[in-house]
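Laboratory data are not the source of any read-out in this text; all were calculated from the coordinates shown. All values reported here derive from a predicted model rather than from experimental measurement. Cβ coordinates were reconstructed from backbone atoms using ideal geometry, including for glycine residues, and neighbour counts include every protein chain displayed.
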Amino acid sequence: MKLTFVKMHGLGNDFVVLDGIRQAIELTPAQLRLLADRHFGVGCDQILLVEAARQPGVDFRYRIFNADGGEVEQCGNGARCFVRFVHEQGLSTRREIRVETMGGVIVPRLEDDGMVSVDMGEPVLAPAKIPFISASNDVLQTLRIADHAIAITAVGMGNPHAVQLVEDVDTAAVEQQGPLLERHPCFPQRVNAGFMQVVERQAIRLRVFERGAGETLACGTGACAAVVAGISRGLLDSPVRVEMRGGLLSIAWNGPGTPVLMTGPAVTVFKGEIEI
């Protein structure tokens, strides 16, 4: 099978984007892993598949596959790339589109300055809906990993996140704790592990170990979850500048009952064709 693709990134969180509207695409987990392989395939953190809408009131369906071949609910950096992709490919002329995902409907918008804003919907803090197994609804929860306890805030952004506060993201135990948190038994669908350093009330630094992909240079839903966790704990004020290894995002949230708004870049790197 020959596939045309576009390589894109949002702050270094990189994607292979596929047009499933003008070409028939049905890939096995093994084929997805090959596409994502940086030595034998194209190489990416996630594969994004653009499909025709399946429900009224939306413009497209958006499917996300991690580098391990598993399908996941949501990807914020990918959402920004999505709206740029459909514009550049001539699939839509609308600057704001409604997109169906496994995690719910999102609304990305291409701004006049070239940046992309995304209404990511309301965050979820109720443990059962994240899902997160807990006996309480407390914002701060204790998890045991290895031989010690850590304090996390569990947040759903269409996908599950566990955010912990660290003194310095450069020395945080991301490589050690990330895999343990990802598969912690309290998260039945696995979890993205966020390590947040508060710089000031409107600025944080962040690293995220993503389920199925490992640590990435940036994570859009992880940035949203970290800001929600920080505001919920009384540590931050909206809007918040989020510095990740790949660059900066701006995240705004006005509290419970309101959506999270994310703004940042989306970049096309190159177009190509691969036979798999």
Q | Pair V199, E71: separation of 7 Å Cα→Cβ label points (nm) | A | 3.8
Q. Using 1/(1 + (r/R0)^6) with R0 = 35 angstrom and r between the beta carbons of I133 and F270, what's the FRET efficiency to the nearest 0.05?
A. 0.20
Q. Going by a ≥ b ≥ c, the root eigenvalues of the Cα gyration tensor, does the chain fall in the rounded group (a/c under 1.5), the prolate group (a/b larger than b/c) or the oblate group?
A. prolate
Q.
Please list the three semi-axes, largest first and in whole Å, of the ellipsoid equivalent to the range 28-138, using sqrt of 5 times the eigenvalues of its alpha carbon gyration tensor.
A. 25, 22, 13
Q: Rank-order 153-163, 126-136 by packing density, defined as the average count of other C-beta atoms within 10 Å over each peptide's residues, highest first.
A: 153-163, 126-136
Q. Roughly how big is the range 129-245's charge dipole about its Cα centre, with Cβ charges of +1 (Lys, Arg) and -1 (Asp, Glu), in debye to the nearest 20?
A. 360
Q) Between I204, I251, I145, which gets the highest mean-square fluctuation from a Gaussian network model of the chain, Cα cutoff 10 Å? A) I145
Q. Residue by residue through the range 158-165, which ³J(HN,Hα) values in whole Hz follow from phi under the Karplus form 6.51 cos²θ - 1.76 cosθ + 1.60 (θ = phi - 60°), with glycine and proline marked x?
A. x, 9, x, 9, 10, 9, 10, 8
Q.
As I understand it, the dipole of the range 55-124 uses +1 on the Cβ of Lys and Arg and -1 on the Cβ of Asp and Glu, about the Cα centre. Which of V116, F85, G103 lies farthest toward its positive end?
A. F85
Q. P(r) of the range 178-276 in 10 Å steps, Cα pairs, percent per bin?
A. 15, 41, 31, 10, 3, 0
Q.
Net charge within 14 Å of G230 by Cβ-Cβ distance, Lys/Arg positive one each and Asp/Glu negative one each, not counting G230 itself?
A. +1
Q: Name the aspartates and glutamates eligible as straight-distance cross-link partners of K271: C-alpha to C-alpha under 16 Å, and not fewer than 8 places from it in the same chain.
A: D14, D19, E88
